[in-house]
Amino acid sequence: MRSGGGKVASEPDDFVYLDAGTTTEYMIPFLTEKSAVFVTNAVSHALRLTENGFRVILIGGELKAATEAIVGNEAYVNLQKYNFTKGFFGTNGLNRTSGFTTPDINEAMIKECALKHTQKPYILCDSSKFLQTCPVSFGEFHSARIITDRYPEESMETEGHIIIAK
């Protein structure tokens, strides 16, 4: 995955956060940098990454059965000690007013913590998520670059922080 000639996915010695969710899972087959370390709160992502030969840290905490995501206070405390070079996050909705949103307060807490500890955060979402709002915000609209399939409307793009994946 590239943008403007620069690498978006992992680079040598990156310390990468990979959020739980189906959208972030789609990028796993495209990861090739074996010296990068991946931290995740997704059991399925951790398994796939280790099967592909990556070094993986699965944070501890409460397992949410429906999504196989690690959430809760223990997960939050685990994340606070890390400083990520890059992070890839999913979202259920995004708009300029509410920012990035999700329906679950526990998942939002983990996303927000990891996002704040990431130098280069990216939100991965398809264009149907634009202009949608879920109950809980986890980041401001301009706090991360957005990787999506197409511009949902021209008014959303003003600062050049939307990347169209090809």
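Values in this text are rule-based calculations from the coordinates and carry no lab data. Just so it is clear, the structure is predicted and the values come from calculations on it, not from any experiment. Quick reminder, even Gly has a Cβ in these numbers, built from the backbone with ideal geometry, and neighbours come from all protein chains shown.
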Sticking to Cα atoms, compute the Rg of the chain to one decimal and its Dmax as the biggest Cα-Cα distance, whole number, in Å.
14.8, 42
Please enumerate, by chain and number, the lysines with C-alpha under 24 Å from the C-alpha of Lys64, excluding those fewer than 8 residues away in the same chain.
Lys81, Lys111, Lys116, Lys129
Taking every DSSP beta bridge with both residues inside the range 1-87, roughly what % is antiparallel (nearest 5)?
40
Work out how much length Thr85 to Lys166 would gain on full extension: take 0.36 nm times their residue separation and subtract the Cα-Cα distance, in nm to one decimal.
26.8 nm
Listed residues Gly139, Pro152, Pro121: farthest to the positive end of the dipole of the chain (Cβ charges):
Pro121
Would you mind checking the range 57-76 for residues with the amide N under 12 Å from a putative spin-label position 7 Å along Cα→C-beta of Val43?
61-71
Please give the net charge around Leu115, taking every other residue with its beta carbon less than 14 angstrom from that of Leu115, where Lys and Arg add +1 and Asp and Glu add -1.
+1
Treating the beta-carbon of each Lys and Arg as +1 and of each Asp and Glu as -1, no other charges, what is the dipole magnitude of the chain about its Cα centre, to the nearest 20 debye?
320
